[in-house]
There are 2 protein chains.
Amino acid sequence: MALVAEIIGVGTELLLGNVANTDAQMISQGLSALGIHVYFHTVVGDNDARLRQAVEIASLRSDILITTGGLGPTYDDMTKQTLADCFGLPLERHQPTVDSIRAYFSRLGAAMSPNNERQADLPRGCIVMQNDCGTAPGCIFEANGKHIIMLPGPPHECAAMFNGCAVPYLKTLAGGCLVSHNIHIFGIGEASVEEKLRPMMLQAQNPTIAPYAKEGEVWLRVTASADTEAQAEALTRPVIDDISSQLGDAVYGIDAGSLESTLLQQLKRQGLTLAAAESCTGGLLGARLTALPGASEVFCGSVCAYTPLAKTALLDVHASLLERHGVVSAEVAEAMARGAKNRLAADLGVGITGYAGPTAENGVPVGTVYIALCDHHGQTTVKQLMLGSDRNRVRVMAVNHALNMARLSLLA
Amino acid sequence: MALVAEIIGVGTELLLGNVANTDAQMISQGLSALGIHVYFHTVVGDNDARLRQAVEIASLRSDILITTGGLGPTYDDMTKQTLADCFGLPLERHQPTVDSIRAYFSRLGAAMSPNNERQADLPRGCIVMQNDCGTAPGCIFEANGKHIIMLPGPPHECAAMFNGCAVPYLKTLAGGCLVSHNIHIFGIGEASVEEKLRPMMLQAQNPTIAPYAKEGEVWLRVTASADTEAQAEALTRPVIDDISSQLGDAVYGIDAGSLESTLLQQLKRQGLTLAAAESCTGGLLGARLTALPGASEVFCGSVCAYTPLAKTALLDVHASLLERHGVVSAEVAEAMARGAKNRLAADLGVGITGYAGPTAENGVPVGTVYIALCDHHGQTTVKQLMLGSDRNRVRVMAVNHALNMARLSLLA
């Protein structure tokens with residue numbers, strides 16, 4: 001029988017909305033890959049009684065409890081104490097951890113505050129997980145038939161410890177096999193996808209097919225369970241092929257991660273390079289591409305040209321063009337794409353210009369964006385889009401469309 | 001007595017880790033500003049029985065239940081049905097909503113799938129909240145002494161409806177007054193901040209002082225409650241002043257939002273402009289600055305120079321400099337900063353070069369980053385940083401330090 005895990009995020013900063021619960025997202029992805037079900041996430045503040053309540057409820061419905069946060073050195077960090085109390089274990093100071101915290105501070109050349117030592121107080125008999133990115137250790141123990149795993153809150157510490165220590169432990173617990181693949185779709189809406197695939201989605205039992213919408217994208221998750229990974233894989237394959245052939249090139253990848261990683265791989269495979277000229281997106285396209293390791297092999301760079309001078313001096317967009325057509329125009333987008341391609345000696349150039357808002361200018365409505373692609377055959381195409389009035393969404397969608405135009409041009 | 005709200009996120013995509021629960025973050029911020037307490041967030045999948053369980057538990061401990069997600073047109077969208085069942089209300093088709101969904105599709109020039117009509121089925125007697133950014137309406141009803149608010153899942157739809165409709169409704173419910181301010185600190189760690197301020201933090205009752213760590217930053221939240229906003233404000237002020245004078249210029253702002261918004265305001269106040277040259281951050285500094293409305297007044301643009309050619313051709317970094325010192329060096333960072341300042345005719349120029357990983361090159365370890373600032377007096381300073389081995393963190397921290405260097409130079 002499949003194991004069920006529940007993730008309990010501990011931290012008043014989560015309840016105040018100061019941060020999003022990205023730890024739960026990261027851990028959920030990992031558990032899903034292990035075939036461990038997650039039916040609930042809970043978030044609770046730095047409050048002993050309410051954390052206790054959350055642990056009690058989770059214990060009734062889950063085999064594995066994973067907490068994040070509240071392991072730090074300050075007085076409102078109480079996860080270890082509360083969890084140890086809930087399961088009747090005392091805390092004991094763990095000397096090797098004291099030593100490694102001390103070593104961490106001396107490596108940084110920083111002074112160690114005395115309250116940092118409190119982080120070495122851990123439930124008796126637990127497995128101690130070292131923190132390679134910070135000072136708070138995590139721990140694992142088994143009690144009352146439940147597996148308790150405590151991870152630190154800061155996202156990079158949490159991810160390193162989860163993947164490095166908790167996943168190997170969980171692998172020994174999980175039996176059976178669940179395989180999931182995501183079909184990534186750009187350019188058609190969720191309802192249209194479902195309308196097209198409804199009979200298949202309703203019939204689907206193993207694998208199941210679950211749709212969801214993501215900024216301008218639709219993902220379909222195809223999940224099969226079987227005794228072995230190979231059997232589960234074999235169940236998903238015909239379903240993925242069938243959906244892919246029905247949706248054509250709107251499917252940009254299977255488990256592709258993102259439009260940018262798909263494009264990066266296409267460029268690498270074809271030995272081509274890309275450069276960009278960004279106006280309203282302000283560098284976001286470059287930032288998304290270069291977030292991926294290995295981007296430097298195919299991405300030459302981008303010019304974020306926020307002023308007219310930047311457009312003329314760095315991208316060779318003629319001042320007369322700006323005057324005649326306005327800065328947000330098909331003509332300027334095209335000149336920017338060509339300028340980026342030439343100046344950075346790339347095979348493909350994209351140019352993005354638009355009004356992300358909140359204010360409109362020159363009679364052009366907010367959300368108007370022109371995207372030009374100058375491809376590796378020297379052909380230029382321009383697309384005009386109306387992307388609504390939310391500044392962030394306009395920028396994200398403009399980048400999505402630019403990446404997608406480049407992707408489609410490389411399919412031909 | 002203060003009201004207590006609980007946020008229930010509905011969606012299997014959250015439990016699979018495909019998306020983070022940013023809706024809960026956004027709503028929590030809004031509730032905190034209204035003085036409504038939030039003690040728990042729950043996330044549950046698209047599953048009737050488990051959603052029912054979450055609603056039952058939340059009803060026992062909260063006055064207000066806010067759900068997000070599961071209002072869409074597909075068969076796994078069940079929030080309205082389940083919540084209506086839980087509180088004994090039937091669903092009824094709401095004709096004005098059918099008409100407005102129809103109008104939405106015709107505005108987009110898109111075909112309306114028949115299953116979109118299901119979105120107009122709403123609990124009898126509810127307040128209907130129109131969706132200005134999508135098709136799924138939200139709703140509010142009161143039953144068994146609880147206030148139920150259902151919002152759509154997609155973040156921009158959720159935010160628009162929460163702020164536009166739910167907040168005005170909640171304002172009529174909330175009495176008393178809670179005021180919160182965040183003190184934003186960059187450059188010293190959480191434990192050091194607490195060590196310094198411990199007696200004050202432990203004594204604090206009204207206002208309370210809560211610390212938390214954010215990528216390289218520390219925030220202190222100072223929260224006071226009183227009968228009126230003015231009284232609550234008056235309670236927070238001396239505490240904020242005291243902390244600010246103890247921490248000096250490591251405090252970059254009060255309720256400042258971010259380092260980038262602080263810098264943007266400084267530049268505007270002083271009538272100065274900024275340009276950037278980014279290598280390992282790939283455009284992230286530009287993307288973060290231009291995410292803010294009005295960035296164009298003070299940000300000239302940036303050159304994301306991923307190739308040596310980009311550095312020489314667009315930033316006038318001499319090829320000999322690259323050869324002699326290597327691409328990741330103080331000298332190249334300095335030349336990049338100067339190149340950005342000159343080429344984009346800005347008052348300040350920043351240059352960032354480093355290895356974000358995963359691989360090291362030329363014997364320089366991963367995480368090595370040089371940041372140069374060429375300020376409005378023509379003075380250049382360079383900082384060398386070791387930012388660890390996580391690619392994303394290296395990039396984020398490099399941008400933070402660059403923003404902070406520019407901020408400090410404008411304080412003088």
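Values as computed for the structure displayed
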quantity	calculated
Summed side-chain charge close to B:K80 - residues other than B:K80 whose Cβ falls under 12 Å, Lys, Arg +1, Asp, Glu -1	-2
Solvent-free Debye scattering, log10 I(q)/I(0), computed from the Cα coordinates of chain B at q = 0.06, 0.07, 0.12 Å⁻¹	-0.34, -0.46, -1.05
Top of A:I209, A:I352, A:I127 by mean-square fluctuation, Gaussian network on chain A, Cα under 10 Å	A:I127
Built amide H within the under 5 Å cut-off of A:L3, gap 5+	A:H37, A:G175
Phi-based couplings in Hz for the stretch B:214-229 (Karplus 6.51, -1.76, 1.60; Gly and Pro marked x)	9, 2, x, 10, 10, 10, 10, 9, 10, 10, 10, 10, 7, 5, 10, 4
B:M78 accessible area, assembled protein chains, probe 1.4 Å, Å²	40 Å²
Helix-only mean residue ellipticity at 222 nm for chain B, each DSSP H run of n ≥ 4 adding -39500 (n - 2.57), per residue, nearest 500	-12500 deg cm²/dmol
Solvent exposure of the stretch A:178-283 as accessible area per residue, Å², 1.4 Å probe	39 Å²
Inter-label distance, nm, simple model (7 Å from Cα along the C-beta direction), B:Y75/B:D48	1.3 nm
Prolate/oblate/rounded label for the protein assembly as shown (Cα gyration tensor, a/c 1.5)	rounded
Most positive-pole-ward Cα, A:L267, A:G257, A:C304, against dipole of the stretch A:237-311 from beta carbon charges	A:C304
With all protein chains modelled, accessible area of B:D227 [1.4 Å, Å²]	130 Å²
Rotationally averaged projected area of the stretch A:301-412 (alpha carbon convex hull; nm²)	6.5 nm²
Kirkwood hydrodynamic radius of the stretch A:248-303, from inverse mean 1/r over distinct Cα pairs, in Å	11.9 Å
Nearest-10 value in Å² for the accessible area of A:I188, using the 1.4 Å probe	60 Å²
In nm, spacing of pseudo-spin labels at A:D316 and A:K268 (7 Å Cα→C-beta vector)	3.1 nm
GNM flexibility winner over chain B from B:G11, B:G248, B:G138 (Cα, springs under 10 Å)	B:G248
Cα centroid separation, the stretch B:293-311 to the stretch B:339-393 (Å)	14 Å
Loss of accessible area when A meets B, both sides summed, Å² nearest 100, probe 1.4 Å	6900 Å²
Other-chain or far-sequence residues with amide H under 5 Å of B:L348's (modelled H)	B:T273, B:L274, B:A275
Under 5 Å, built H, 5+ apart or other chain: amide partners of B:K214	B:W219
Lysines with Cα under 29 Å of A:K341, excluding same-chain neighbours fewer than 8 positions away	A:K268, A:K311, A:K383, B:K311, B:K341
Label-zone membership for the stretch B:230-253, site B:A412, 7 angstrom Cα→C-beta point, backbone N under 16 Å	B:249
Beta bridge orientation in the protein assembly as shown: antiparallel %, DSSP, nearest 5	65 percent
Calculated FRET efficiency for the pair A:E323/A:T172, C-beta based, R₀ 56 Å, to 0.05	0.20
Rg(Cα)/(2.2 N^0.38 Å) for the stretch B:129-273, N = residue count	1.33
Efficiency of FRET from Cβ geometry, A:D249 and B:I127, R₀ 45 Å, rounded to 0.05	0.55
Hits among lysines - C-alpha to C-alpha of B:K80 under 25 Å, sequence gap 8 or more where chains match	A:K196, A:K214, B:K146, B:K171
Quotient of C-alpha Rg and 2.2 N^0.38 Å, computed over the stretch B:22-125	1.23
³J(HN,Hα), Karplus 6.51/-1.76/1.60, whole Hz, each residue of the stretch B:350-361, x for Gly, Pro	10, x, 10, 9, x, 10, 7, x, x, 9, 8, 9
Karplus-derived HN-Hα couplings along the stretch B:43-57 (A = 6.51, B = -1.76, C = 1.60, θ = phi - 60°), whole Hz, x at Gly and Pro	10, 9, x, 7, 8, 4, 5, 6, 5, 4, 4, 4, 5, 5, 5
Heavy-atom accessible area per residue - the stretch B:34-76, 1.4 Å, Å²	29 Å²
13 Å beta-carbon shell around A:I254, net charge (K/R +1, D/E -1)	-2
Surface share of carbon and sulfur [accessible, 1.4 angstrom probe, percent] for chain A	51 percent
Debye, to nearest 20: dipole size of the protein assembly as shown, +1 on Lys, Arg Cβ, -1 on Asp, Glu Cβ	1040 debye
Label-point separation in nm, A:E92 to A:A111, each point 7 Å along Cα→Cβ	3.3 nm
Any cysteine of chain A lacking a neighbouring Cys Cβ under 4.7 Å - listed by number	A:C86, A:C133, A:C158, A:C165, A:C177, A:C280, A:C300, A:C304, A:C374
Alpha-carbon centroid distance for the pair the stretch B:42-113 / the stretch B:207-235, whole angstrom	35 Å
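The values are calculated or read from the model by the stated rules, or taken from the named source; none is laboratory data. Since we're looking at a predicted model, the values are computed, not measured. Here the Cβ is made from the backbone with ideal geometry for all residues, glycine too, and neighbour counts use every protein chain on show. Remember, those area values only see protein heavy atoms, side chains included, never the ligands or the DNA or RNA. Shrake-Rupley method; radii C 1.70, N 1.55, O 1.52, S 1.80 Å.
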